[in-house]
Amino acid sequence: MVFIEQNDNVLADVSLELLSRARELADRLGVEVEGLAVGHGLQDALAGLGGYGCDRVYFVEDPRLAHFTSLPYAKALVGIIKKRKPRFMLFGATTTGRDVAPRVASTLQCGLTADCTDLQIGEHKFKKREYRDILLQIRPAFGGNIIATIVSPESSPSLATVREGVMQKRELADPHPCHIVHEPCRLEAGDFPTQVLEVIRREKSVDLKAAKVIVSAGMGASSPESLKLVKELAGLLGGEVGSSRPMVDGGFLVKDHQVGQTGTTVRPNLYIACGISGQIQHRAGMSEAKRIIAINRDPEAPIFDIAHYAVVGEVNEVLKRMIKAYKQKNE
Ligand SMILES: Cc1cc2nc3c(=O)[nH]c(=O)nc-3n(C[C@H](O)[C@H](O)[C@H](O)COP(=O)(O)OP(=O)(O)OC[C@H]3O[C@@H](n4cnc5c(N)ncnc54)[C@H](O)[C@@H]3O)c2cc1C
């Protein structure tokens, strides 16, 4: 079962990504994929979920649930989960998912793994007990130094959150018929201790998720001249500017540019890493790019382990040459 998140009745991409992954896992187990949605006037949006492999969606409808607030959403979710008893329950690791999933987990006394980077079905042995067909929740741990597989075999359901962009959204050529099942939920006035009075949106300054080309700056490209060259190359290639986390922490670029474990997960056709060492937390967000060009003056830099093209050199020199070559080619 996947929590179907919505904002202003637009379904969150991460929910569709999770449905796609859930479909693959469900096919392995020979079971169905279900969604769980909470809101008001969502029918039209929910009708399209069959295109992502959803067989059935439970919908708790109430005008007071149009906008997310923690307590009534958690109560609605717990009620349906208790009634429908899914084996696994997936949430997007969004502000909403990170708020509501732990509330659900603690109410149901279930295991919850946050920020999974992969989900598999497998087995686990512990003290002569063998658990089959359980959810293997895979994520970096201890500052990214290990990749941990976390299981909660005796917890029903197992709960996991996954960040946006980590799983791939796959629209099926042959959509499943998706039934919308309206679920009653008794919510009293006392269940709404907070009210949303106004929603103020901040437009994102950059859309890394949709970008086909990303030119990313790390601490080796933090000088004003390097950043100017990075922006120029990104502009020439019709791409966006990405960055490593220290570039954001240091105030060189705003957080919307950050790629990695605690930034955005991207899958562009081309990722050019400029002066980025390639620590695991950065790679977690870009290693699935189709082509990676890395520019670094250190031939031992870990980014070269995953780069398709490795350019050892001073970042400004290499960027200037790339810009010149690109301009000449397009004259
Ligand atoms: C919990 C946690 C979450 C994190 N999340 C993220 C995340 O989401 N994204 C992220 O990026 N990081 C993240 N980090 C930080 C991460 O561990 C690294 O510290 C960070 O990625 C390093 O950034 P960098 O490569 O820009 O800097 P550095 O590691 O300092 O590397 C700079 C590189 O530039 C090269 N260089 C220097 N000068 C030049 C030059 N003139 N020409 C060419 N090359 C040059 C150097 O050889 C070096 O390889 C996280 C860390 C933790 C603990």
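The values are calculated or read from the model by the stated rules, or taken from the named source; none is laboratory data. Fair warning: this is a prediction, and the values are worked out from it, not measured in the lab. Using ideal geometry, Cβ is built from the backbone for each residue, glycine included, and neighbour counts are taken over all protein chains shown.
Looking at Pro86, Pro102, Pro72, can you tell me which residue is surrounded by 15 or more Cβ atoms within 10 Å (Cβ to Cβ), in the same structural domain as Ala12 (by TED's automatic domain parsing) and part of a loop (DSSP other than H, G, I, E, B)? Give the steps one after another, and end with the answer.
On the way: Pro102 fails: part of a loop (DSSP other than H, G, I, E, B); Pro72 fails: part of a loop (DSSP other than H, G, I, E, B).
Exactly one residue qualifies, and that residue is Pro86.
How many residues are part of a helix (DSSP H, G or I) and either crowded, with 23+ Cβ neighbours inside 10 Å or modelled with pLDDT of 95 or more (or both) when one looks only at the stretch 260-282? So that I can check it myself, show each step before the final result.
Within the stretch 260-282, the subset part of a helix (DSSP H, G or I) is 280-282.
Still in the list and also either crowded, with 23+ Cβ neighbours inside 10 Å or modelled with pLDDT of 95 or more (or both): 282.
Of the residues in that region, 1 qualify.
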Among residues of the stretch 199-237, those that are closer than 20 Å to Glu288 by Cα and without any contact (Cβ under 8 Å) to a residue 40 or more places away in the chain, counted:
3
Residue identified as more than 8 Å from the ligand (Cβ to nearest atom), surrounded by fewer than 18 Cβ atoms within 10 Å (Cβ to Cβ) and either among the aromatic types (Phe, Trp, Tyr) or over 22 Å from Thr117 (Cα atoms) (or both) among Lys290, Lys320:
Lys320
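How many residues does the stretch 198-233 contain that are among the charged types (D, E, K, R) and part of a loop (DSSP other than H, G, I, E, B)? Walk me through it before giving the result.
In the first step, residues of the stretch 198-233 are kept if they are among the charged types (D, E, K, R); the result is 198, 201-204, 207, 209, 212, 225, 228, 231-232.
If we keep only those that are part of a loop (DSSP other than H, G, I, E, B) too, we end up with 198, 201-204, 207, 209, 212.
Total meeting the criteria: 8.
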Just one of (1) farther than 26 Å from Glu17 by Cα; (2) modelled with pLDDT of 95 or more; (3) of a type outside the set (Lys, Arg) trips up His257, so point out which.
(1)
Is it the case that the stretch 176-199 has a residue that's surrounded by fewer than 18 Cβ atoms within 10 Å (Cβ to Cβ) and within 19 Å of the chain's Cα centre (by Cα)?
no
Any pair with Cβ under 9 angstrom, 6 or more apart, that starts in the stretch 305-331 at a residue that is within 19 Å of Lys231 (Cα to Cα) and ends at one that is assigned to a helix (DSSP H, G or I) and among the hydroxyl-bearing types (Ser, Thr, Tyr):
Val315/Ser226; Asn316/Ser226; Leu319/Ser226
